[in-house]
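Take a look at the structure below.
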Amino acid sequence: MEKQGSLSINSENIFPIIKKWLYSDHDIFIRELISNGCDAITKLKKLAMMGEFEETEGEEYRIDVYASPKDKTITFVDNGLGMTAEEVEQYINQIAFSGATDFINKYKDKSNDDQIIGHFGLGFYSAFMVADKVTIETCSYKKDAEPVFWECDGGTEFSMTESDDDTRGTAITLYLNEDSYEFANEYRVREVIQKYCAFMPYNIYFTDEDKAEEEAKKKEEEAKKKDKVIEVDTTEEDDLVGDDKKDKKTKDKSDKKSDKDKADEKENSDDEAKADDKKDEEEDGKKEVPLNNTNPLWLKNPKDCTEEEYIDFYQHVFLDFKKPLFWIHLNMDYPFNLKGILYFPKINPQYDQLEGTIKLYNNQVFVADNIKEVIPEFLMLLKGVIDCPDIPLNVSRSALQNDGSVKKISDYITKKVADKLSGMCKTEREEYEKYWDDISPFIKFGCLRDDKFCEKMTDYMLFKNLEGKYITLPDYLEAGKEKYENKVFYVSDEVAQSQYINMFKEEGIDAVYLTHNIDNPYITHLESKNENVKFLRIDADLADNFVGEALTEEQTKEYTDKLTEIFKKATGKEKLTVKVESLKNENVSSMITLSEESRRMAEMMKVYSMPGMDPNMFGSEGETLVLNANNKLVKYVLDNPEGKHTNTVCCQLYDLAVLANKPLSPEEMTAFVARSNEVLNILVGN
């Protein structure tokens, strides 16, 4: 059977789905209803600009939010263009018919300044996620328009009648359901407005109706007390008794005062009256403070922003009272509209993970934090805001639709960051070096994640050497091509590797500091980009530069076999690998080396919580105890394999080598201290 037709949608079936599943977070209804109010004002301003509406001089466009914990209601009021009965029928009674889209289409030839927030016609229905009943009271800007009252109890049935409130604008009241009473609480509402609406384009004010009512009653009572007239009794003195007589006397006495005294009293009385009047005026006309900032810093021209403004904005938005290192102000109008500020925060390189916050806005309306499709992953380590009206959002404005422009926006942000950093390195090298230790983890992470970013930053990656100077990789390789061609020695722990650092300095061999967690994968990345270059930690296999007159092959084998047997027996470490070298510095007795490959593998396994190799567990595969054949203590062990103090010397040399790399375990430290005391006793002859 062949049949053709059109699909039908039953509102009774679709409405519950919209109410329950359209938005992931129920508090979003506040954002949606305030956004609708902003759209209503924007439309009215456009009409005024086109001469179709005459604005009232001095009128403030605003959104008012009223909550009543007692009545369990929350109301949103705007003084925008309002709606006629026909418009309510069209935009409210027809689900997903967008008044914003209709308005844009109608006036697209007369105004191209599109700052309308909503486009889907569904924002209003978010109210039913939290309300059992919703009412709308609205009056259009149009001349002689009749005000409308609309009511719906959350089903598909509604009622419309004429309202008696002819004030232009719209008031939407939500009668909250039992699960949503929290949204009648002042602090909860303020929290949500601060989250979603902190930078919306029109002032947003909040009033707790219950508190306002109490304050009004209190003022009324105070006014009554003030206005009460105290009548003076004219009874003769003889008829007065007690305190009344005393008061009358006081009056008689005052009557006898000089004219000057009376004049002074009158002046003081007038001053007090004026002060009271002024106080009353201040209380009655107390200036309202909006909850939002209608002109966020990112909308300004970067040339008009001061350093103080950038820092204040950062501290206010991110509640981070450390000063950011520097920032990048994004300001683009073509081929898409994008504005924002990205901050490089002060970081602690010892943190295992770094997490920033990039807040995404759409026409000054908060969408979400850290949307990866728009913001490159490595920039998630930064803090900042990005406002892009061209971002294609889904219906609930909580996620992106697949769109080719998203990738272009992401690429643009990456390019701007790379341009800023490379520009600083070229023209502000001193400042760039000052920030390098703090910003290098961001940049290195970016190089690992983004090939284009890596290419742009290749010539601007710095390394701090043993002298504390910042150099590039080509600079380092060029300076050391005679002593360590294509090898890059690095320090990961300045304290633990101090013995090795001193040896390098004595031999005039340079090394660079790579102390952050990101450095291990980063140097592997660099090796893949520079196939002849090899990175070696400073305590890896010893370079030939440290070796003096080499031992013969026979001597090396004889010493190694002999010392291996003695040290294994003394330390009890059967897997211990011993290597004998004739080092130039005879004061160096022993040291631990760990092959670069073994160490990197162990660190990788540790990062991914894989049991097995641990770079701090000496005696494991890849670790070698290097003994200096020129050192007197090593010679003593060679000459006295069964000597009285041989075991003590062996254990002490091993522990000293380990201590140069890491702390001993509690048991090992206890034994080391006891042995050290024993050695001191031997020295003093006890």
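In this model, which of LYS481/LYS573; LYS434/LYS584; LYS372/LYS420; LYS46/LYS72; LYS46/LYS195 are farther than 31 Å apart at the alpha-carbon? Beyond 31 Å between Cα atoms: LYS481/LYS573; LYS434/LYS584; LYS46/LYS72.
Rolling a 1.4 Å probe over the protein heavy atoms gives the stretch 156-210 an accessible area of 50 Å² per residue. Counting only heavy atoms of the protein chains and using a 1.4 Å probe, CYS197 has close to 0 Å² of accessible surface.
Once backbone amide H atoms are built at 1.01 Å from N, VAL488 has LYS534, PHE535, LEU536 as its partners under 5 Å, excluding neighbours fewer than 5 places away on the same chain. A cut-off under 14 angstrom between Cβ atoms defines the neighbours of LYS434, and their net charge, with Lys, Arg +1 and Asp, Glu -1, is -1. Can you list residues from other chains, or at least 5 along the same chain, whose modelled amide H is less than 5 Å from the amide H of GLY154? Close amide H contacts, sequence-distant or interchain: VAL134. Across the stretch 450-540, C-alpha contacts under 8 Å between residues 6 or more apart give a mean separation that, scaled by the residue count, equals a relative contact order of 32 percent. For the stretch 457-502, the per residue solvent-accessible surface stands at 53 Å², with DNA, RNA and ligands left out and a 1.4 Å probe.
Between GLU494 and GLU308, the FRET efficiency from the beta-carbon distance, with R0 = 41 Å, is close to 0.65.
All C-alpha pair distances within the stretch 516-578, sorted into 10 Å bins from zero, spread as 16, 27, 27, 25, 5 percent across the bins. Each residue of the stretch 86-93 was assigned a 3J(HN,Hα) from its phi angle through the Karplus expression (A = 6.51, B = -1.76, C = 1.60, θ = phi - 60°), giving 5, 6, 4, 4, 7, 8, 9, 6 Hz with x at Gly and Pro. Taking amide H atoms as placed 1.01 Å from N in the peptide plane, the amide H of ASP390 lies under 5 Å from those of ASN337, each 5 or more residues away in sequence or on another chain. Only protein heavy atoms count here; on that basis, with a 1.4 Å probe, CYS152 has an accessible area of about 10 Å². Accessible-area rank, largest first, for ILE63, ILE682: ILE682, ILE63, with all protein chains present and a 1.4 angstrom probe. As a calculated quantity, the FRET efficiency between LYS469 and ALA48 at R0 = 60 Å, using C-beta atoms, amounts to about 0.45.
Compared with the alpha-carbon gap, the fully stretched path from VAL289 to LYS372 is longer by 26.4 nm at 0.36 nm per residue. Spin-label model, LYS529/GLU565: points 7 Å from Cα along the beta carbon direction are separated by 5.2 nm.
The values are calculated or read from the model by the stated rules, or taken from the named source; none is laboratory data. Predicted model only: the values in this text are computed from it and were never measured. All Cβ positions, even for glycine, are placed from backbone atoms using ideal geometry, and neighbour counts span all protein chains on display. Accessible surface areas use protein heavy atoms only, side chains included; no ligands, DNA or RNA. Shrake-Rupley method; radii C 1.70, N 1.55, O 1.52, S 1.80 Å.
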